[in-house]
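Step one of this worksheet: look at the structure below.
FYI, it's all coordinate maths here, none of it is from the lab. What you see is a predicted model, and the numbers here were worked out from it, not measured in a lab. With ideal geometry, Cβ positions are generated from the backbone for all residues, glycine too; neighbour counts draw on all protein chains shown.
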Amino acid sequence: MTLTHFDATGSAAMVDVGPKPISLRTATAKARVSMQPETASIIAAGTARKGDVLGVARIAGIMAAKRTADLIPLCHPLPIDAVSLELVAMPEAVEITATVRTTGRTGVEMEALTAASVAALTVYDMCKSIDRGMRIENLRVVHKVGGKSGEFSQD
């Protein structure tokens, strides 16, 4: 197996994606913020002291997807076609699904993972004063389409 993020001297390097064909690429990532039922009820009702937790976390996730290359050193900056975040308050958690789409030479898995991560961190930040035991869990790519590797799904 060849590790593509290293040059001939063994130093970290950005992968050359120039020769790759441009294609539609989509990735979906999920995360979960587990919490006390009372905290989930406050979020669902929209009565948290800091405001609309789900709405703010959605915007934070979208912003994060757009800034992924600024955060991850070897990640290519991409022209993102679309970002969607779904945040659902469950009885003991907030479930987060982030989907990112681009028409480009490399995939958007990192953008989807970053969006889901930052949305989860935002939920945590906005509710940490009422529930110090929250846990950010199960961050993963659940679906990817495009590029040489084709389609990938798990969940």
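Numbers at a glance
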item	result
Per-residue HN-Hα couplings for the range 94-109 [Karplus 6.51, -1.76, 1.60; θ = phi - 60°; Hz; x = Gly/Pro]	10, 9, 10, 10, 10, 10, 10, 10, 9, 10, x, 9, 9, x, 10, 4
Cα long-axis angle, helix 53-66 against the chain (0 to 90 degrees, to the nearest 10)	10
Amide H contacts under 5 Å for ALA93, placed H, 5+ residues apart	MET35
Estimated translational D of the chain in µm²/s (Stokes, Kirkwood radius over Cα pairs; 10 °C; 1.306 mPa s)	96
Reciprocal mean inverse distance between Cα atoms of the range 65-155 - Kirkwood radius, Å	14.3
Size of electric dipole in the chain: Cβ of Lys, Arg +1 and of Asp, Glu -1, about Cα centre, debye, nearest 20	160
Estimated vicinal HN-Hα couplings, Hz - the range 24-29 in sequence order (Karplus 6.51, -1.76, 1.60; Gly, Pro = x)	6, 9, 9, 9, 10, 10
Cα centre as origin, Lys/Arg/Asp/Glu Cβ charges: the range 102-150 dipole, Debye	180
Given charges at Cβ of Lys, Arg, Asp, Glu: the chain dipole, positive-most of PRO73, ILE42, ALA31	PRO73
Long-range amide H partners of VAL142 with built H, under 5 Å	THR28, ALA29, LYS30
Set of the range 46-63 residues, backbone N closer than 15 Å to the point 7 Å along the Cα-Cβ line of GLN36	48-49
Residues THR9, THR122, THR97, THR47 arranged by fewest to most Cβ contacts within 10 Å	THR9, THR47, THR97, THR122
